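See below for the structure under consideration.
Read the figures in this text as sums done on the coordinates, not as results from a lab. Since the model is a prediction, treat every value here as computed from it, not as a measurement. Glycine also receives a Cβ, built like all others from the backbone with ideal geometry; neighbour counts cover every protein chain displayed.
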Amino acid sequence: MLSIYLSPLQMSQQEIIRLTEITRTYKVGTELVRALRSVSLSIYKNEFVALMGPSGSGKSTLMNLLGCLDTPTSGQYILNNQDVSKLNDNELARIRNKEIGFVFQTFNLLPRSTALDNVMLPQIYAGVSKTDRLNRANEVIGSVGLSDRAHHKPNELSGGQRQRVAIARALVNSPSIILADEPTGNLDSTTSYEIMGVLEQIHRAGNTIILVTHEEDIALHAHRIIRLMDGKVSADYLNTNIISSAQALNK
């Protein structure tokens, strides 16, 4: 039986995500692929969780479900006290824009727009006024150390700077969760640790972070590690060997 250990933080904080007996199956030709098999887990406010697993483990499927990019075949997903398991596409889109900030490996920035315009984009969809969009976008760009690059386009920025813009965009609507999918996958090791420093700073400010990664050294920045294998949670434990970005950069 899988042992799950609760930290004092988990026991004292509110549950922000609860998955109960989640399954996800796909039909590929005549074959039924069971990507997730009865996955149950909880994630708590202000946790920093690394989600790991080899190719075919169900890690990407679980990430898509957590990010409301997909819905389960069966089971229940409660996000901030709302059952999102059965929502339609439009309802899921509204939840994504309000509750989840995405950071992708490939940055996903609009190439012809400035950093500031890229950061403001989720607020346009949320119907925020232009003045408030500008104020908030400038605030979060400053929080990731890019105020002096706000009016540069992505091709005028380094890889690390582009990822900082993506992180600022993820923060702009003050989401419940930051979901970072392989955020260091396209970066060199030094820049990777600098980006992890930004995520650590966001976590210290009170955000919940779910980090999807296949890199063991990157996962060690998280406070809790969840491993998947064959569509099931194979391990879920507190990280007793947390490595900060400062430690990693000084190695």
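Table for the structure above
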{"read-out": "Top of 77, 125, 26 by mean-square fluctuation, Gaussian network on the chain, Cα under 10 Å", "value": "26"}
{"read-out": "Cross-link table 45/251; 45/98; 59/153, entries beyond 22 Å C-alpha to C-alpha", "value": "45/251; 59/153"}
{"read-out": "Cα-derived Rg to Rh of region 135-188, Kirkwood definition", "value": "0.96"}
{"read-out": "Karplus-derived 3J(HN,Hα), 6.51/-1.76/1.60, for each residue of region 76-90, Hz, glycine and proline x", "value": "10, 10, 9, 10, 6, 6, 10, 7, 9, 4, 10, 5, 7, 4, 5"}
{"read-out": "Distance between region 135-158 and region 174-235 - C-alpha centres, whole angstrom", "value": "22 Å"}
{"read-out": "FRET efficiency, 1/(1 + (r/R0)^6) with R0 25 Å, evaluated for residue 106 and residue 31 via beta carbons", "value": "0.25"}
{"read-out": "Efficiency of FRET between residue 21 and residue 201 - r from beta-carbon atoms, R0 45 angstrom, step 0.05", "value": "0.80"}
{"read-out": "FRET efficiency, 1/(1 + (r/R0)^6) with R0 35 Å, evaluated for residue 155 and residue 40 via beta carbons", "value": "0.20"}
{"read-out": "Convex hull volume of the chain per residue (C-alpha atoms, cubic angstrom)", "value": "140 Å³"}
{"read-out": "Computed magnitude of the charge dipole of the chain (debye, nearest 20; Cβ of K, R +1, Cβ of D, E -1)", "value": "380 debye"}
{"read-out": "Loop trypsin sites (Lys or Arg not before Pro), region 99-141, which have at most 16 other Cβ atoms in a 10 Å radius of their Cβ (DSSP)", "value": "112"}
{"read-out": "The chain: calculated mean residue ellipticity at 222 nm from DSSP helix runs of at least 4, using -39500 (n - 2.57)", "value": "-10000 deg cm²/dmol"}
